[in-house]
1. Spin-label point model (7 Å from Cα, Cβ direction): what's the L151 to V163 distance in nm?
2. Taking H as built 1.01 Å from N, whose amide H comes closer than 5 Å to the amide H of G102, not counting residues under 5 places away?
3. Could you put T147, T22 in order of accessible surface area, largest first, with the 1.4 Å probe and the full protein assembly present?
4. So what is log10(I(q)/I(0)) for segment 1-86 at q = 0.16, 0.21, 0.24, 0.25 1/Å, when the Debye sum runs over its Cα atoms only?
5. Under a crude label model (7 Å from the Cα following the beta-carbon direction), how far is L122 from L60 in nanometres?
6. Relative contact order (percent) for segment 1-107, with alpha-carbon contacts under 8 angstrom and 6 or more residues of separation?
7. Using a cut-off of 14 Å between beta-carbons, work out the net charge of the residues near G38 (Lys and Arg +1, Asp and Glu -1, G38 not included).
8. Tell me the label-point distance for the pair N41, R92, using the 7 Å Cα-to-Cβ offset, in nm and rounded to one decimal.
Amino acid sequence: MSLIVVLLRVLLSAIFGIAGVTKLLDQSGTREAVTNFGAPNSVAPSLAVVLPIVELAIALGLLFTATAWWSALGALLVLGVFVVAISVNLARGNTHECHCFGQIYSRPLGWPTLVRNILFGLAAITVLWNGQQFQLSIVSSISDVSTSQGLLLVAGLIGAAAVVFYFQRKQKRGCACAQWAGRPAAAFGSARF
């Protein structure tokens with residue numbers, strides 16, 4: 001169980017780190033997303049800077065034993081706000097760009113966005129469940145991995161990457177098909193495949 005918690009800390013740290021950096025690099029997109037999610041225009045510029053800094057602080061804190069529990073709590077709170085904001089927007093029929101990962105990954109809001117954030121929240125809960133005093137060092141935990149555990153870990157990472165790649169390709173194909181939807185039949189006749 002301790003190895004799982006350590007891996008979840010690393011995963012959450014990577015997710016929050018990438019999200020924070022890409023949002024800082026895409027300030028106009030982040031500001032637009034914050035406004036689209038319902039933040040007042042007067043607060044959006046500040047929130048567009050504060051949010052990625054908070055995400056980076058969480059990412060950094062998850063890497064250290066002494067701050068991992070508090071950072072997991074921060075991650076859960078931020079993800080909770082995201083889940084509520086996404087749910088409210090979906091209930092209202094708003095499907096604007098999420099800018100979850102800046103320009104690297106920005107798709108219209110949908111149920112996958114909500115489910116993804118809930119799963120990240122469950123990962124944070126698992127880290128919290130392990131307890132503040134039982135957070136292990138990432139380096140020592142990974143160095144204690146046996147060969148068979150290491151091979152299973154690598155296979156799991158390759159499998160997870162394959163699943164992500166599959167769904168990315170599927171979503172891109174879906175977008176390309178959606179561009180053709182609603183066009184007159186003549187458009188298909190002149191298209192070269």
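1. Placing both labels 7 Å beyond Cα along the Cβ direction yields 2.2 nm.
2. K23
3. The residues order as T147, T22, largest area first.
4. Rounded to two decimals, the profile gives -0.62, -0.95, -1.14, -1.19.
5. Each label point lies 7 Å from its Cα, and together they span 3.1 nm.
6. 36 percent
7. +1
8. 1.5 nm
The values are calculated or read from the model by the stated rules, or taken from the named source; none is laboratory data. Predicted, not measured: the structure shown is a model, and the values here were computed from it. So basically every Cβ, Gly included, is an ideal-geometry build from the backbone, and we count neighbours across all protein chains shown. Protein only, heavy atoms only, side chains kept; ligands, DNA and RNA dropped before computing areas. Shrake-Rupley method; radii C 1.70, N 1.55, O 1.52, S 1.80 Å.
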